[in-house]
């Protein structure tokens, strides 16, 4: 086991993680939001809207006359900047490379990334197809080839960077941190999962359906990906599944309360968030079972204390 053990090197002072988090988040939002602010302000001036009001309401791109594909790209740029900052600062802060934060070694297992992404996309696609076939009246089909092609390009180019930033920070960086501090693998799964959920507390789904209805889904995502990280000794599977999840939703399914407002092929009219939580739990368990069989995980490893091997 190398992923969590790699952090047992005396470079885990709490202030380093606090400083890294603040620098990454503030830097990403200050620098990464500049293009978004420029476009929103110009659009607001052009349409006679109040730019500050638009920002306070979560930036309604449609109301401002901003193309949804451009809006998606602008919303993803801060995550790309955050990823760059995180990768650059890992070495001076912790004497650790990004690949060592991914799995404790100097080699990234890309096969796991793509296999996990494929399986998650198949599971998600199967549930979506079942929903559509069962209740076609609950969906609106949007088919504009020009918008769709641009959407696919933006999604494939930028969303994996967004999800890699989140996974590198939560399942890589913070999981190593809490593993080194507590020497307990269960806590290394649970605490970052809760923090991951809280990071999404400002998402529109939370405002639409309520904190206690929407938040379990985000925390459940964190727990599923956290367990995969511990059992697989690295975050490649979490990275692949997370990227596939967001790319799939961006291209195929959207909703008025979705954080990803895109020219997706399907727009779902009504959501049942409680049902969706059960669907995620079912799909997540199925996903973990497939990974377990494919990579022959030893489930008991999660009960082992985290110690530095000789």
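What follows is calculated from the coordinates using simple rules that are stated; it is not laboratory data. In this text, all values refer to a predicted model and were calculated from it rather than measured experimentally. Positions of Cβ are backbone-derived with ideal geometry, glycine not excepted, and every protein chain shown enters the neighbour counts.
Once the Cα atoms are used to define both axes, helix 34-47 deviates from the longest principal axis of the chain by about 10 degrees. Counting neighbouring beta carbons within 10 Å and listing from fewest to most, the residues 23, 119 come out as 23, 119. To the nearest ten degrees, helix 14-32 and the longest principal axis of the Cα atoms of the chain are 20 degrees apart.
In the chain, the longest principal axis of the Cα atoms and the axis of helix 110-134 are about 40 degrees apart. The distance between label points at residue 137 and residue 13 comes to 6.5 nm (points 7 Å beyond Cα on the Cα→Cβ vector). Using C-alpha pairs below 8 Å separated by at least 6 residues, the relative contact order for segment 5-303 is 23 percent.
Note on segment 66-155: the C-alpha convex hull projects to 8.6 nm² when averaged across all orientations. Computed over segment 162-310, relative contact order equals 27 percent, with contacts defined as Cα pairs under 8 Å that lie 6+ residues apart. Gain on full extension, evaluated as 0.36 nm per residue between residue 187 and residue 303 minus their Cα-Cα distance, stands at 40.7 nm. Computed extension gain for residue 144 through residue 277, at 0.36 nm per residue and net of the alpha carbon distance, reaches 44.8 nm. Residue 45 to residue 106: FRET efficiency via 1/(1 + (r/R0)^6), r the Cβ-Cβ distance, R0 51 Å, to the nearest 0.05? Computed FRET efficiency for residue 45 and residue 106 comes out at 0.55.
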